[in-house]
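Here's the structure, in structure tokens; my notes come after.
Bear in mind that the values in this text are calculations on the coordinates, not laboratory data. Predicted model, so just to flag it, every value in this text is computed and none were measured. Methodologically, a virtual Cβ is constructed for each residue, glycine included, from the backbone with ideal geometry; neighbour enumeration extends over all protein chains shown.
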Amino acid sequence: MSEDENNLIVEKKKKGRKPTTNNYFDVREEEAVRNFLTAETYEERNKIYNEFLKEPLDKMISSIIRRYKLYRKDMNFEEIHVDTHSFLMTKIEKFKPSKEKKAYSYFGTICKNYLMGQIMKDQKEMNRKISYEDISSDLSNRPEMAYYIESDDVSSEYIIKKFLEKLRENLNQKDCEEQEHKLGSAIYDLFENYGTIFPDTNNNKFNKNIILFELREMTNLSTKEIRTLIKKYKKIYFDLVQEILKK
């Protein structure tokens, strides 16, 4: 067999190779989450958790810690894992099942932001400066990298409530394009659950990079697409704030 024929066979094998998939949290597990939330007894919940959820959640948390290098000072991997899993279980009740939302995405977001928040707290206590690039995103607190969501006179909760109303009105409009609707729905989910998704936030700033990271994961849109489409929703927000401050 000639060299050219060998190369052709190798090339065909490469093209025919099927991509690997990770299905440890799929339809069965999504259904188990819903059954867990509607279970009426502790025994029933415990059975569902042990049979369907414990192992997939363990794998998800392990993957997040390793993939994003979310390691904590003076804690080994097992301690970080157990702490994160325990925190997630305190938030599972806040998940609201619907056709638009996936438990896997919600749980992953909770875990990532909890770990990031704990790392930031550890760094503050130790009074050390460490590059946040090591934990997958730029989590610096520079003013130009943050959104301010409240003024001295208006609470953030009030602004978020009104913003969600405006978003809902916009998403219900017939002329809202598919990608705009996808991004708007993701923004709605973030703000509706901001108290859960962004734990231990002691000031009025939301880091742009954290939000951008979550929007990419929730929509599968590129950074460029998000930056273009989000202009519409930024205008809705700023117009709303101006309207509120004038009252």
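Highest first, please rank the peptides 84-93, 179-188 by the mean number of other Cβ atoms sitting within 10 Å of their residues. Write down the numbers at each step before the final one.
Working: 84-93: 15.3, 179-188: 19.2.
In descending order of packing, they fall as 179-188, 84-93.
Filter 166/232; 101/182; 101/162 down to the pairs with a C-alpha to C-alpha distance above 18 Å, please.
Working: 166/232 12 Å; 101/182 12 Å; 101/162 22 Å.
Cα-Cα > 18 Å for 101/162; rest within.
Beta carbons within 10 angstrom, averaged per residue: use that to sort the peptides 53-59, 25-31, highest first.
Working: 53-59: 16.7, 25-31: 14.3.
Output ranking for 53-59, 25-31: 53-59, 25-31.
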